[in-house]
Every structure is written in structure tokens, then in C-alpha cells.
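Heads up: the structure comes next, in C-alpha cells.
The values are calculated or read from the model by the stated rules, or taken from the named source; none is laboratory data. Note that the coordinates shown come from a computational prediction; the quantities given were computed from them, not determined experimentally. All Cβ positions, glycine included, derive from the backbone under ideal geometry; neighbour counts span all protein chains shown.
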Amino acid sequence: MSLAAARADTIRNRTDGLVTLGTRTFDLRKRTPIQDLQVENEFVSLTSVKWIDDLTRADPYLYSTVIHITDLTRLHRLGELGWAPDEKSRFHGDPTLPPLFDLENYEVGWQGQHAAPVRGDILIYPRHDPKRFYAICAFDRANPKPTFCSANFRYQPDRQLHIMTRIYQVTAPLNDFAEIAARVEALVRCLDVTEALRAGEKIPRIPNLVPADLAAGGRCRAMPSS
């Protein structure tokens, strides 16, 4: 795994696979060579851990994604990772967007320009629950579909942890962003051993994860912490 932004004080023990971001501690397994990781600020790329990458590659929703967790409280420039729907005034509905973006039950807005190079971003979030998650797609009007999207949400046990899933294979119809966010949350909750550590467990036990555990209703999604 690559930790591209977590200071030394966020690493609970660099030899046992435990990584602390914000108020939560995640178990990345002993077989992860934590001592060989790049440790800088408050950012972790989960899919740089081989066994997690293998797990997501086997999942039909996550097979071409990269998953990041960022601790917003320790970033030097907090404005970089705001909650995009709160800034929806920067995005505007646009009937000239292709039918790919005619999404029922979602708000869809465009931020960009129509003149060359006609590039911009498209914001997508559920109308009924704009705080649940949102997606951003980079879009060039010269191409028939977006070149890149990300699904984003705040981790409920610590709302200062921002989880981004970068989607590198954009499909038509569009990827199911709600299901992607739910499966990633299931994964993160499986890795979260905070409550077990607080209860005094020296070696927290986490499930032996398989792709089915990330599916809707899977046991990991229902688990509160460890």
C-alpha cells in the first residue's frame, strides 16, 4: 500500500499493519509491509495494498478503481476537499449534455465552458439525500463519454474522513455510483478496528474478506466497526 499523506503520528504501529487516520484505526493485515510504505501526510491509498487491490478487482463494481481515504482535519489546505454539493452554485443544469447524464432521482450540474476546449466537470448527487455521496466526472464535449469519475462520501464514524473512489473505466450507462460508495464503505468498515482496540483487544480480529462481503447486504457492510 502507498500512504501518500499520513504523518508519523497517524501510524499506530508501523510493524503490525495498523494505521490511524483521524479518530479511527484501520487494520491492513500483518502481511502488508507497513515499514516499506511511503509515509507523509494524512492520506492512504487502500488499493495500493495488494490483497485489497485483488479484492476490488474481483468485484464487478470496483474492478477498475482506486480508493483513497483522506483525513481533512490535518490537511494544510482544507478547501481542496469540500463537500461538492454545498458548492452546487458553481454547477448549472445543462440540457445540451448527452443522454448519458439523464439520471432519474439525481441532480446533475455542469461546470465548464462550451467554447474550445469544452472541458469541465459534472456533479452528480442524489436529490433525496445530498449528504450521502456525490460523484464528479471530468468531461470533454469532444468525446462521447466522461474520461474519469469519482464517487465520494464522508465516513460516518468520523465525518472528517473523506473517502474517494476514483473510477477509471466509465461505463454507459454510467457506473452505479451509489453502489460503489456502499461497497467501499463496507470495505472500510471491515478494516476499522477502532472499537476493538478501545475494548482492549491487542490483536483485533477482522473478517477474511471475499468479494461477496462487499455486495449489498454483505456482512461487512452491517458491521459497526471491526
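Quick check on my filter: what residues within the stretch 164-214 are among the β-branched types (V, I, T) and in contact with a His (Cβ under 9 Å, 6 or more places away or on another chain)?
As a first pass, look at the stretch 164-214 and keep what is among the β-branched types (V, I, T): 165, 167, 170-171, 180, 184, 188, 193-194, 203, 206, 210.
Scanning the stretch 164-214 gives a single hit, T165.
Right, D158: of a type in the set (D, E) and closer than 28 Å to T20 by Cβ or not?
Values: of a type in the set (D, E): yes; closer than 28 Å to T20 by Cβ: yes.
When the stated conditions are applied, D158 passes them.
State all residues of the stretch 1-49 that are part of a strand (DSSP E or B), closer than 23 Å to A196 by Cβ and either among the acidic types (D, E) or modelled with pLDDT of 80 or more (or both); if no residue qualifies, say none. Lay out the reasoning, then the answer.
Kept after step one, since they are part of a strand (DSSP E or B), are these residues of the stretch 1-49: 2-5, 13, 18-21, 24-27, 42-45.
Then drop every residue that is not closer than 23 Å to A196 by Cβ, which leaves 3, 13, 18-21, 24-27, 42, 44.
Correct list: L18, V19, T20, L21, R24, T25, F26, D27, E42, V44.
Go through the stretch 50-104 and report how many residues are aromatic (F, W, Y), in a loop (DSSP other than H, G, I, E, B) and at pLDDT 90 or above. If you could, list the steps in order and put the result at the bottom.
So in the stretch 50-104, the residues aromatic (F, W, Y) come out as 51, 61, 63, 83, 91, 101.
Filter once more, so that each one left must be in a loop (DSSP other than H, G, I, E, B): 61, 63, 83, 91.
Retained after the next criterion (residues that are at pLDDT 90 or above): 61, 63.
Selection size over the stretch 50-104: 2.
Can you tell me which residue among K131, K145 is among the charged types (D, E, K, R), in a loop (DSSP other than H, G, I, E, B) and exposed (fewer than 14 other Cβ atoms within 10 Å of the Cβ)? Talk me through it step by step, then tell me what you get.
Details: K145 fails: exposed (fewer than 14 other Cβ atoms within 10 Å of the Cβ).
Of K131, K145, the one residue that is among the charged types (D, E, K, R), in a loop (DSSP other than H, G, I, E, B) and exposed (fewer than 14 other Cβ atoms within 10 Å of the Cβ) is K131.
Condition check: under 29 Å from L21 (Cβ atoms) and at pLDDT 90 or above. Does V108 satisfy that? Give the steps one after another, and end with the answer.
Values: under 29 Å from L21 (Cβ atoms): no; at pLDDT 90 or above: yes.
The answer is no for V108.
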